[in-house]
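A.B. asks: Would you mind keeping the following structure in view while I ask a few things?
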Amino acid sequence: MNERLQRFSTAGLLADRKVTQLMGFTTFTLIFFTVFSFNIFFTPENFRSMAYQVPEIAILSIAVMLSMLTGGIDLSIVGISNAAALVAAYIMTQKMTEGGDISTMWIIAACLAGILIGLICGAINSVLIAILNVTPILATLATMTLFNGIAIGITNGVSVSDLPKQFMRVGNGTFLGIPTPFVLMLVIAIFVGYLINRTSLGLKVLLIGTNRKAAQYSVMGDRKVIAWTYIISGLLSSLAGLIIASRTSAASPDFGNSYILLAIVVVVLGGINPMGGFGTVTGVVLATIVLQMVSSGFNALRFSQFFYLLAQGGVLVLVMILNTVFEKRRINRSINKSLDS
Amino acid sequence: MNFRKLLRRNETVLIFAIIVFSLVIGSKSPEFFTIANLFDILRSSFVQLIFALGVLIVIISGGIDVSFPIVGIFAGYTAVVIMRKFELNEESVLVPIALAILIGIILGGLNAIAIAGFEIPTLIATLGTAGIFRGFMLSFIGASFISDIPLGLDKFSTADLIKFESEAGTLVRLHVLVIPVALITLAVSLLLNRTIFGRSVYALGGGVESTRRLGISVKRTQAKIYMLVGGLSGLAGILYVSLQRKANPYDLAGSELDVIAAVVLGGASIMGGYGTVFGTVLGVLFINMIKNNLVLLGVSSSWQRAAVGVLLIIGITIQAIGENQKQKRQRSATSKEAE
């Protein structure tokens, strides 16, 4: 019986120390803000609004996570999501009649066009990183400027707003009582989780992140794997962009610039090693929820948004410091153990 | 150095690009070839060049810093706030500059603690500290725009070295900053090429482990690098405030890309170990030339950012292709030796 329990716990979520820590952290944050601001924080309205805000950041973070698992990074996520949202929004506003009516077909077509933009942008990143061997930071920094620049150039920096009602229903509606974006996020998280843990592509991604040289010598087609991760990252970013557009009924070239820092904070807090090779989707989703609670909690306590920015940076640096300290201690302990035996 | 090698150098390519671009714009609008335009390009390059020199040092050492614009505006804004609060000498220019450099060095020191002390990857560390610095400044130091900056700084913005009226009747001005900026550029160049510290920066970019085995303290070198960059950023920040004649805490954030783009276009290798001050100067001038004169080409200013993106992609692609070819040559050379 005991053995079975142990197997269950090692096979399940608890096996991952980082995820366990994060669950503790989530509970702590929840209790902390509930105690300090029960009336505002611990209300159904607040939880509902959090459930609408979490998905976009979670999906963008999952996109960053994929590239970080290979040891790279994707800074162009926000550029891609805005470009995708703008294209979709543009098509919708063009096909909308005076009264704001539009056929569902056109909405779907517009979304598909947005997704296509995401795939193309991801493919551009892939060409630069996987084929031309440009360092991921630099390549995505450049494409981020490019995508953002094209979006500003085409729109002249003006946002496209007043999107059709049917489209807004996706971002603001509920599915079986749960906010639709949250459901979409869960579907995407499960899909990426499956991709990483159950497919050969996922295994290769982790291998490349652990040791690129070894991956090269094992002839797994490391470039192809890296190319796929950036394409999927582009796809996910475009989905996040569509969700943002449908929630806010607008698309703008400079929306969510702060999301890049936020997404990286989430990913690192979620236990993904920035050098690659290790990380879980559960961690990322939990980390998004923690940060969203902190954000809402700060709001409830009437702290300014800049204080939240300070907290974000602080959390990022603190988590990294703790990671290195614990890592060192663990290595020392294992060295001592092997010396003892 | 033989001729072919000279042709392949990044600086040569950049000079060619600058000449070609000047000819294209110049043929379309004669306004381009005026001294006024040249001085304008110089004036808009000062602040960026000082930032770029700092970034160059970091990039040569194999790191990347995205917090420098925030450090700059933090230092510039805070220096102005301190000047006003303690009613320090209104007329002085050197006091706020010294204050800003000091604040920059302190912030750079915090970066150094995160990077050298705790071995956090540089991009992540500076992203984090950028958030911290910006959040701290806007929450605790001030979030409001200061338009009446100390008199000395205000006057400094119009301190011109050369000033005359052109034939077209417009005022042509060359700011006095051109001299100190040139001196700083020279100093950084000497620092990188003629001192032990400079050589250890290059060594660090070449390889961390080999640097350690050479007997160079990696941590100490990194700490010095990030403090130096902090100081340079602080200086750039206060000069920006002075030239703009206002201290706006929301400024500069987001300008890191243009500076990094200029340094990379200037031939610095993002993997570390290679980069020249001359290339960086050319890179900064090139980017500013394009940003200032796209309008003359009939391209609307909203396409500026896209143009920088395209340039950056072209620059890194050329660099990457060169790097790949070099590796291939090395590989075939070693396999030939093995035979």
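A.B. asks: Search segment B:279-307 for residues being in a helix (DSSP H, G or I), without any contact (Cβ under 8 Å) to a residue 12 or more places away in the chain and more than 7 Å from chain A (Cβ to nearest Cβ), and hand back the single one that is nearest to residue B:258 (Cα to Cα).
C.D. replies: Here the residue is B:301.
A.B. asks: Can you report the number of residues in segment B:263-278 which are part of a helix (DSSP H, G or I) and more than 12 Å from every other protein chain (Cβ to nearest Cβ)?
C.D. replies: Counting residues in segment B:263-278 that are part of a helix (DSSP H, G or I) and more than 12 Å from every other protein chain (Cβ to nearest Cβ) gives 2.
A.B. asks: Scan segment A:35-52 and report the pairs whose first residue is closer than 21 Å to residue A:177 by Cβ and whose second residue is of a type in the set (A, V, I, L, M, F, W, C) and not in a helix (DSSP H, G or I), with Cβ atoms within less than 9 Å and a gap of 6+ or a chain change.
C.D. replies: Between residues of segment A:35-52 that are closer than 21 Å to residue A:177 by Cβ and residues that are of a type in the set (A, V, I, L, M, F, W, C) and not in a helix (DSSP H, G or I), the close pairs are A:51/A:178.
A.B. asks: Which of (1) surrounded by fewer than 24 Cβ atoms within 10 Å (Cβ to Cβ); (2) at the interface with chain A (Cβ under 9 Å from one of its Cβ atoms) does residue B:125 not meet, given it meets every other one?
C.D. replies: With (1) surrounded by fewer than 24 Cβ atoms within 10 Å (Cβ to Cβ); (2) at the interface with chain A (Cβ under 9 Å from one of its Cβ atoms) applied to residue B:125, the lone miss is (1).
A.B. asks: Checking the condition of a type in the set (Val, Ile, Thr), outside any loop (DSSP other than H, G, I, E, B) and either free of Cβ contacts under 8 Å to residues at least 60 places away in the same chain or closer than 21 Å to residue A:239 by Cα (or both), which residue from A:120, A:129, A:137 passes?
C.D. replies: Details: A:129 fails: either free of Cβ contacts under 8 Å to residues at least 60 places away in the same chain or closer than 21 Å to residue A:239 by Cα (or both); A:137 fails: either free of Cβ contacts under 8 Å to residues at least 60 places away in the same chain or closer than 21 Å to residue A:239 by Cα (or both).
Matching residue, one of A:120, A:129, A:137: A:120.
A.B. asks: Might you check whether a residue that is more than 28 Å from residue B:304 (Cβ to Cβ) and either among the β-branched types (Val, Ile, Thr) or within 22 Å of the chain's Cα centre (by Cα) (or both) occurs anywhere in segment A:143-157?
C.D. replies: Checked segment A:143-157: no residue is more than 28 Å from residue B:304 (Cβ to Cβ) and either among the β-branched types (Val, Ile, Thr) or within 22 Å of the chain's Cα centre (by Cα) (or both).
A.B. asks: So, one more: Take segment B:308-322 and flag every residue that is surrounded by fewer than 20 Cβ atoms within 10 Å (Cβ to Cβ), facing chain A (nearest Cβ under 8 Å) and of a type in the set (A, V, I, L, M).
C.D. replies: Answer for segment B:308-322, where residues must be surrounded by fewer than 20 Cβ atoms within 10 Å (Cβ to Cβ), facing chain A (nearest Cβ under 8 Å) and of a type in the set (A, V, I, L, M): B:310, B:321.
A.B. asks: If you scan segment B:130-165, which residues turn out to be closer than 25 Å to residue B:34 by Cα and either of a type in the set (A, V, I, L, M) or in contact with a helix residue (DSSP H, G or I) (Cβ under 6 Å, 6 or more places away or on another chain) (or both)? Write out each step before concluding.
C.D. replies: Taking segment B:130-165 and keeping what is closer than 25 Å to residue B:34 by Cα, we get B:156-165.
If the condition is that a residue be closer than 25 Å to residue B:34 by Cα and either of a type in the set (A, V, I, L, M) or in contact with a helix residue (DSSP H, G or I) (Cβ under 6 Å, 6 or more places away or on another chain) (or both), then B:156, B:157, B:159, B:161, B:162 are the ones that fit.
A.B. asks: For segment A:212-238, give me each residue that is surrounded by 15 or more Cβ atoms within 10 Å (Cβ to Cβ), touching an Asp or Glu at 6+ places or on another chain (Cβ under 8 Å) and over 12 Å from residue A:76 (Cα atoms).
C.D. replies: The answer is A:212, A:215.
A.B. asks: Does segment A:179-201 contain any residue that is closer than 23 Å to residue A:132 by Cβ, in contact with a helix residue (DSSP H, G or I) (Cβ under 9 Å, 6 or more places away or on another chain) and in a helix (DSSP H, G or I)?
C.D. replies: yes
A.B. asks: Within 14 Å of chain B (Cβ to nearest Cβ), assigned to a helix (DSSP H, G or I) and under 30 Å from residue A:156 (Cα atoms): is that true of residue A:306 in this structure? Spell out how you get there, then give the answer.
C.D. replies: Working: within 14 Å of chain B (Cβ to nearest Cβ): yes; assigned to a helix (DSSP H, G or I): yes; under 30 Å from residue A:156 (Cα atoms): yes.
It is true that residue A:306 is within 14 Å of chain B (Cβ to nearest Cβ), assigned to a helix (DSSP H, G or I) and under 30 Å from residue A:156 (Cα atoms).
A.B. asks: Related question: Report those helices (runs of 4 or more DSSP H) wholly inside segment A:1-45 carrying at least 3 residues which are in contact with a helix residue (DSSP H, G or I) (Cβ under 8 Å, 6 or more places away or on another chain) and either surrounded by 15 or more Cβ atoms within 10 Å (Cβ to Cβ) or modelled with pLDDT of 70 or more (or both).
C.D. replies: Correct list: A:17-36.
A.B. asks: Also: Inside segment B:106-122, can you point out the residues that are at the interface with another protein chain (Cβ under 7 Å from one of its Cβ atoms) and either of a type in the set (Ser, Thr, Tyr) or surrounded by fewer than 22 Cβ atoms within 10 Å (Cβ to Cβ) (or both)?
C.D. replies: Within segment B:106-122, B:118, B:119, B:121 meet the criteria.
A.B. asks: Within segment A:103-116, track down each residue that is of a type outside the set (Phe, Trp, Tyr) and either surrounded by fewer than 24 Cβ atoms within 10 Å (Cβ to Cβ) or within 14 Å of chain B (Cβ to nearest Cβ) (or both). Explain how you work it out, then say what you get.
C.D. replies: Just the residues of segment A:103-116 that are of a type outside the set (Phe, Trp, Tyr), to begin with: A:103-105, A:107-116.
The answer is A:103, A:104, A:105, A:107, A:108, A:109, A:111, A:112, A:113, A:115, A:116.
A.B. asks: Also, quick follow-up: Looking at (1) within 29 Å of residue A:33 (Cβ to Cβ); (2) touching a residue at least 24 places away in the same chain (Cβ under 8 Å), which is the one condition that is false for residue A:231?
C.D. replies: Unmet for residue A:231, out of (1) within 29 Å of residue A:33 (Cβ to Cβ); (2) touching a residue at least 24 places away in the same chain (Cβ under 8 Å): (1).
A.B. asks: Could you list, in sequence order, all residues of segment A:293-341 that are surrounded by fewer than 17 Cβ atoms within 10 Å (Cβ to Cβ) and among the hydrophobic types (A, V, I, L, M, F, W, C)?
C.D. replies: If the condition is that a residue be surrounded by fewer than 17 Cβ atoms within 10 Å (Cβ to Cβ) and among the hydrophobic types (A, V, I, L, M, F, W, C), then A:301, A:303, A:318, A:322, A:325, A:326, A:331, A:335, A:339 are the ones that fit.
Per-residue answers, yes or no, for (1) in contact with an Asp or Glu (Cβ under 6 Å, 6 or more places away or on another chain); (2) within 14 Å of chain B (Cβ to nearest Cβ):
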site: A:129; (1), (2): no, yes
site: A:137; (1), (2): no, yes
site: A:140; (1), (2): yes, yes
site: A:143; (1), (2): no, yes
site: A:148; (1), (2): no, yes
site: A:159; (1), (2): no, yes
site: A:169; (1), (2): no, no
site: A:176; (1), (2): no, no
site: A:179; (1), (2): no, no
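A.B. asks: Oh, and also: Condition (residue is modelled with pLDDT under 90, within 14 Å of chain A (Cβ to nearest Cβ) and farther than 30 Å from residue B:34 by Cα) applied to segment B:207-216: is it met by at least one residue?
C.D. replies: Yes, some residue in segment B:207-216 is modelled with pLDDT under 90, within 14 Å of chain A (Cβ to nearest Cβ) and farther than 30 Å from residue B:34 by Cα.
A.B. asks: Quick check on segment B:157-177. Is at least one of its residues away from chain A (no Cβ under 14 Å), assigned to a helix (DSSP H, G or I) and in contact with an Asp or Glu (Cβ under 8 Å, 6 or more places away or on another chain)?
C.D. replies: For segment B:157-177, residues away from chain A (no Cβ under 14 Å), assigned to a helix (DSSP H, G or I) and in contact with an Asp or Glu (Cβ under 8 Å, 6 or more places away or on another chain): absent.
A.B. asks: Could you give every pair whose Cβ atoms fall below 6 Å, whose first residue belongs to segment B:240-258 and is more than 14 Å from chain A (Cβ to nearest Cβ), and whose second residue is part of a loop (DSSP other than H, G, I, E, B) and aliphatic (A, V, I, L, M), counting only separations of at least 6 or pairs across chains?
C.D. replies: Hits for this filter: B:247/B:149.
A.B. asks: Restricting to segment B:128-155, and then to whatever is surrounded by 23 or more Cβ atoms within 10 Å (Cβ to Cβ) and more than 10 Å from every other protein chain (Cβ to nearest Cβ), can you tell me which residue is nearest to residue B:87 (Cα to Cα)?
C.D. replies: The selected residue is B:150.
A.B. asks: Report whether or not residue A:233 is small (Gly, Ala, Ser) and over 18 Å from the mean Cα position of the chain (by Cα).
C.D. replies: Values: small (Gly, Ala, Ser): yes; over 18 Å from the mean Cα position of the chain (by Cα): no.
Here the answer is no, as residue A:233 does not meet what is asked.
A.B. asks: Pairs under 6 Å by beta carbon, first residue under 19 Å from residue A:67 (Cα atoms) and more than 9 Å from chain B (Cβ to nearest Cβ) in segment A:249-278, partner assigned to a helix (DSSP H, G or I) and at pLDDT below 75, six or more apart or different chains?
C.D. replies: Close Cβ pairs satisfying both conditions: A:271/A:18.
A.B. asks: Another one. Is it true that residue A:325 is on the phi < 0 side of the Ramachandran plot, within 12 Å of chain B (Cβ to nearest Cβ) and over 25 Å from the mean Cα position of the chain (by Cα)?
C.D. replies: Yes, satisfied.
A.B. asks: Output yes when any residue across segment B:217-232 is over 19 Å from residue B:108 (Cβ atoms), in a loop (DSSP other than H, G, I, E, B) and over 13 Å from the mean Cα position of the chain (by Cα), and no when none is. Please lay out each step first, then the result.
C.D. replies: Pass one, segment B:217-232, residues over 19 Å from residue B:108 (Cβ atoms): none.
Looking through segment B:217-232, none of the residues is over 19 Å from residue B:108 (Cβ atoms), in a loop (DSSP other than H, G, I, E, B) and over 13 Å from the mean Cα position of the chain (by Cα).
A.B. asks: For segment A:135-169, how many residues are of a type outside the set (Val, Ile, Thr), within 30 Å of residue B:272 (Cβ to Cβ) and in contact with a Gly (Cβ under 8 Å, 6 or more places away or on another chain)?
C.D. replies: Filtering segment A:135-169 for residues of a type outside the set (Val, Ile, Thr) gives A:136, A:138-139, A:141-142, A:144, A:146-149, A:151, A:153, A:156-157, A:159, A:161-169.
Retained after the next criterion (residues that are within 30 Å of residue B:272 (Cβ to Cβ)): A:136, A:138-139, A:141-142, A:144, A:146-149.
Narrowing further to those that are in contact with a Gly (Cβ under 8 Å, 6 or more places away or on another chain): A:136, A:142, A:144, A:146-149.
Count: 7.
The values are calculated or read from the model by the stated rules, or taken from the named source; none is laboratory data. In this text the structure is predicted, and so the values were computed from the model without any measurement. Neighbour counts are summed over all protein chains in view; Cβ atoms, including those assigned to glycine, are modelled from backbone coordinates with ideal geometry.
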